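The values are calculated or read from the model by the stated rules, or taken from the named source; none is laboratory data. All figures in this text were calculated on a predicted structure; none of them were measured in a lab. All Cβ positions, even for glycine, are placed from backbone atoms using ideal geometry, and neighbour counts span all protein chains on display.
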């Protein structure tokens with residue numbers, strides 16, 4: 001037995017003990033060391049697969065803590081649309097984690113997570129619903145009827161009494177169906193001058209306030225439409 005292989009087996013044994021105590025990060029580190037010492041050593045890739053899947057399951061989706069990150073569990077980018085890649089990763093992880101082939105502790109738990117992730121991401125209806133659930137809270141646009149500032153609020157504020165950050169007057173938060181169309185090749189919007197008698201420019205708001213607002217500017221209308229210059233946040 002070569003000294004390199006003997007060292008790799010020693011490192012892998014340490015990784016297995018750490019896995020048994022559910023020290024996932026430590027187990028993963030020693031499996032990597034064993035793989036580097038002897039790339040063909042059997043078992044290191046199986047421990048790595050277990051640790052990677054369980055670590056991914058311990059990190060819920062940002063802003064949606066009640067959801068597991070099925071994308072991270074299958075080791076693909078968030079909202080991946082490449083079904084072939086998702087399928088390949090599922091099959092690869094399934095072979096590494098199947099309890100009949102993987103003798104290490106927690107392989108069954110990791111295999112179930114991979115199977116559950118595949119069940120969601122391979123089904124178009126479930127995937128669409130999941131993507132919607134983890135995409136963050138919906139928002140709506142509304143306008144102050146007194147000074148024509150436009151604001152973007154979380155959907156929970158729809159229909160509430162809101163306070164304009166510009167004129168400080170209260171108004172009813174009704175949804176504007178859509179923002180004016182963008183001017184081609186320009187960082188600006190078109191606006192129907194009959195509905196909005198002024199142009200608008202983007203500015204920052206405090207972190208606890210609405211995400212965006214548009215400030216009146218003295219642009220002159222042309223043919224009933226105005227170009228609305230936009231300032232990035």
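Taking the listed residues 150, 113, the one that is farther than 17 Å from residue 82 by Cα and outside the structural domain of residue 66 (by TED's automatic domain parsing) is 150, with no other qualifying. For segment 4-11, indicate whether the set of residues that are over 30 Å from residue 135 (Cβ atoms), surrounded by 15 or more Cβ atoms within 10 Å (Cβ to Cβ) and in contact (Cβ under 8 Å) with a residue 60 or more places away in the chain is non-empty. No: zero hits. The lone criterion from (1) touching a helix residue (DSSP H, G or I) at 6+ places or on another chain (Cβ under 8 Å); (2) modelled with pLDDT of 95 or more; (3) under 26 Å from residue 127 (Cβ atoms) left unmet by residue 46 is number (3). Within segment 95-135, which residues are farther than 16 Å from residue 56 by Cβ and touching a strand residue (DSSP E or B) at 6+ places or on another chain (Cβ under 8 Å)? Passing the criteria: only 133.
Of all residues in segment 66-108, those that are closer than 19 Å to residue 55 by Cα, touching a residue at least 12 places away in the same chain (Cβ under 8 Å) and in a helix (DSSP H, G or I) total 12. How many of the residues in segment 53-65 are part of a helix (DSSP H, G or I) and crowded, with 19+ Cβ neighbours inside 10 Å? Matching residues across segment 53-65 total 4. Across segment 146-163, the qualifying residues are those that are crowded, with 16+ Cβ neighbours inside 10 Å and part of a strand (DSSP E or B), and the one among them that is modelled with the highest pLDDT is 162. Looking for something more than 30 Å from the chain's Cα centre (by Cα), part of a loop (DSSP other than H, G, I, E, B), within 30 Å of residue 3 (Cβ to Cβ) and in contact (Cβ under 8 Å) with a residue 24 or more places away in the chain - is there at least one such residue anywhere in segment 39-52? Scanning segment 39-52 turns up at least one residue that is more than 30 Å from the chain's Cα centre (by Cα), part of a loop (DSSP other than H, G, I, E, B), within 30 Å of residue 3 (Cβ to Cβ) and in contact (Cβ under 8 Å) with a residue 24 or more places away in the chain.
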